[in-house]
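Read through the structure below, which is laid out as structure tokens, and then see the notes.
Just so it is clear, none of the values below were taken in a lab; they were calculated from the coordinates. Keep in mind that what you see is a predicted model, and the values were worked out from it rather than measured. Please note: Cβ atoms are built from the backbone with ideal geometry, for glycine as well, and neighbour counts cover all protein chains shown.
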């Protein structure tokens, strides 16, 4: 049985800090607590608009983290220059739109093929391994390998939305996913298809020599489905852990997720 790495994304701690523009909560305190309570990796996203993580956060986290740092970023020249300089343990290239609340959908590795080829080469020149955050398709796996990435992170957003529309009160809230307001039998069929797509993509990615991670919308209720996919060896989870920590404290929230993502040897 393969080991599962838990990457704890602490962006939302910085979101809360930036809401009042004071140094509270302290992002480094979140880093320490996460590391001490089971995080195998710290994940942060340095966005072009700096809406949460700041340049100084990246440098401080790199200097103080006792576990590897996975730095998510867009294929923006300024951002890539910063990433190359700080040299995180891994850079995960993601799509990014200023108007979005969070990253929606995987990176279009076909539309941005030439830009990606250049950026991956630049990051490799700085000895930074690269992961591509992509939708779970066979074609995207092949293109990621061709471009020179060492890893892919499968976008689990569709799976997570379908799961929530079926198994939570999301349809009855202001945040219902309008395009998924469908009969339950159709949601179930789509959920099964989404899981099959993740499994197929993960299997193919591993077969061509890529490491496989997954993330987006994963939480305490649905993460067990990812644990069934043997080829996935890393999960990056943020919002649900930070949300749980409001009620339990961050230490307990990380510990609980770590238990759910630990595979028996």
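The residue of segment 230-255 that is nearest to residue 164 (Cα to Cα), among those that are surrounded by fewer than 19 Cβ atoms within 10 Å (Cβ to Cβ) and in contact with a helix residue (DSSP H, G or I) (Cβ under 7 Å, 6 or more places away or on another chain), is 239.
For segment 83-95, residues that are without any contact (Cβ under 8 Å) to a residue 60 or more places away in the chain and touching a strand residue (DSSP E or B) at 6+ places or on another chain (Cβ under 8 Å) total 8. Screening segment 149-164 for residues that are within 9 Å of residue 216 (Cα to Cα) and in contact with a strand residue (DSSP E or B) (Cβ under 8 Å, 6 or more places away or on another chain) and picking the one that is surrounded by the fewest Cβ atoms within 10 Å (Cβ to Cβ) gives 155. Residue pairs whose Cβ atoms lie under 7 Å apart, sitting 6 or more positions apart in sequence or on different chains, and linking a residue in segment 110-133 that is on the phi > 0 side of the Ramachandran plot and free of Cβ contacts under 8 Å to residues at least 60 places away in the same chain to a partner that is surrounded by fewer than 23 Cβ atoms within 10 Å (Cβ to Cβ) and in a loop (DSSP other than H, G, I, E, B), are 127/87. Within the option set 37, 60, being surrounded by fewer than 18 Cβ atoms within 10 Å (Cβ to Cβ), at negative phi and touching a residue at least 24 places away in the same chain (Cβ under 8 Å) holds for one residue only, 60. Being farther than 16 Å from residue 206 by Cα, in contact with a helix residue (DSSP H, G or I) (Cβ under 9 Å, 6 or more places away or on another chain), free of Cβ contacts under 8 Å to residues at least 24 places away in the same chain and not in a loop (DSSP other than H, G, I, E, B), is that true of even one residue in segment 144-163? There is no residue in segment 144-163 that is farther than 16 Å from residue 206 by Cα, in contact with a helix residue (DSSP H, G or I) (Cβ under 9 Å, 6 or more places away or on another chain), free of Cβ contacts under 8 Å to residues at least 24 places away in the same chain and not in a loop (DSSP other than H, G, I, E, B).
Only residues that are assigned to a helix (DSSP H, G or I) and surrounded by 15 or more Cβ atoms within 10 Å (Cβ to Cβ) were counted in segment 17-31, giving 5.
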